[in-house]
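What follows is calculated from the coordinates using simple rules that are stated; it is not laboratory data. Quantities reported herein were computed from a predicted structural model and do not represent experimental measurements. Note that we place each Cβ from the backbone using ideal geometry, even for glycine, and neighbour counts take in every protein chain shown.
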Amino acid sequence: MLNIVLFGPPGAGKGTQSEKLINKYNLTHISTGDLFRKHIGEGTELGRTAQKFMDEGNLVPDEIVIGMVDDKILSTPGTAGFIFDGFPRTIAQAEALDALMQKNGTQIDTMLALEVPEEELIKRLLNRGITSGRTDDQDEAKIKNRLGVYNKETTPVANYYNNQGKLNPIYGVGSIDEIFNNLSNVIDKHI
Ligand code: B4P
């Protein structure tokens, strides 16, 4: 199996690049943000709980996120591997993911970390707020809160993988294809 963590701040291009990577490498995409938006769309209890946190730009509590990822992994047996997009976002989630991988007799092979300056992130997210209607992308104060939460709670996750020798920083500004090629070059070293 090939298991990849695609990491980066909100708006770094994780979702955009995941779509291309899953096609090229035939992997299963697990985006916790997409899974929450699906629950919200279906009006589930999990969705109602998650929405309160997402609307403010805060993280959904770890136990909810981890349970949802565990369910998703169990529902896709026989896959060639996973791309985890927007997960893990805390050290507790990173530890839980290692345990889930171990339980399934596999491991995380590499972390690809997209790096994008904050002004560019704000510009991209406000733009997506207009085109997608996503409410968490429409208010600059909420976007700045998401970036603050990322800096405080999520950046330590990069160190967690760096300590395991798995961190690969990739510059995330440029054309989507150029960034995709740089990500693919790192992945190709693991297959
Ligand atoms: P996510 O859905 O993960 O949203 P995101 O980080 O904002 O988006 P992403 O990074 O995938 O978007 P992309 O750059 O592709 O999370 C939303 C919320 O869910 C969180 O705030 C949190 O509340 C909750 N949540 C999710 N996971 C959680 C977890 N594990 N724990 C706790 N809470 C969790 O796209 C951004 C824009 O940039 C797009 O419009 C795209 O077109 C554009 N773009 C992409 N690449 C570009 C490029 N190279 N140049 C120019 N524009 C580009």
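Is there a pair in LYS123/LYS189; LYS72/LYS142; LYS38/LYS152; LYS72/LYS123; LYS52/LYS166; LYS14/LYS123 whose C-alpha atoms are over 22 Å apart, and which pairs would that be? Check vs 22 Å cut-off fails for LYS123/LYS189; LYS72/LYS142; LYS38/LYS152; LYS72/LYS123; LYS52/LYS166.
Calculated mean residue ellipticity, 222 nm, the chain: -17500 deg cm²/dmol, from DSSP H runs (n ≥ 4) at -39500 (n - 2.57) each, averaged per residue and rounded to 500. How far is the Cα center of segment 56-116 from the Cα center of segment 1-35, in Å? First find each Cα centre; the distance between them is then 11 Å.
A Förster distance of 22 Å, applied to the separation of the beta-carbon atoms of ASN145 and ASP70, puts the FRET efficiency at 0.20. Anisotropy class assigned to segment 39-170 is oblate, per the alpha carbon gyration tensor with a/c at or over the 1.5 cut-off and a/b no larger than b/c.
You can think of it this way: the chain between ASN185 and THR44 has 46.8 nm of extra reach, that is 0.36 nm per residue less the Cα-Cα gap.
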